[in-house]
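Notes follow once the structure below has been shown.
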């Protein structure tokens, strides 16, 4: 039988998969589609596909591997992370900086917070809309239903979100495990 610590780690990993990595796992879908859309002029050739997929893979690897795991995990403010924890750390160490340096660091933290808020507003809409647009690919007659369905899904998500991020993670964690498993099986079947 596994220890409670291992069980809680597994549960937390599943919740994180549903909340954090769900977006990372769906973003390549619309990124890939946009790379080969008519307005980019990029031809749909094997070399271009490998190139774009390689860029997506390495971008995600560098962002997750370096930015999150190496840099941001170390910006820990009493168990809290992210841009607001960084601002708290700056304020706690205010004596080490000149007034100008402190102002610049605070400004950078506020710009980071603004970017975080902007990302929080636009990313769910783009992710859900990109997923629902798959209906249009399947059947072009469904085009008129794409926006109402996406709006309905977003409404439900935001209504559930008020109960806490853990609730969203409980719902989307297993969905993302299934999604990544399907992606893996589809990828390996093409090898």
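Just so you know, all these numbers are worked out from the coordinates, no wet-lab data involved. Please read these numbers as outputs of a predicted model, since none were measured by experiment. All Cβ positions, glycine included, derive from the backbone under ideal geometry; neighbour counts span all protein chains shown.
General observations
- Once the Cβ-Cβ distance of residue 93 and residue 190 is raised to the sixth power relative to R0 = 41 Å, the FRET efficiency obtained is 0.20.
- Remark: spin-label model distance residue 180-residue 37 equals 2.8 nm, labels positioned 7 Å along the Cα→Cβ axis.
- You can think of it this way: the chain between residue 161 and residue 53 has 35.7 nm of extra reach, that is 0.36 nm per residue less the Cα-Cα gap.
- By the count of other C-beta atoms within 10 Å, a proxy for reagent exposure, 39, 163 are ordered fewest to most as 39, 163.
- Gained length - residue 145 relative to residue 131, 0.36 nm times residue gap less alpha-carbon distance: 3.8 nm
- Spacing of the modelled spin labels on residue 102 and residue 30, each 7 Å from Cα toward Cβ, amounts to 4.1 nm.
- Here the simple spin-label model places points 7 Å from the Cα toward Cβ, and for residue 46 and residue 138 these points are separated by 3.1 nm.
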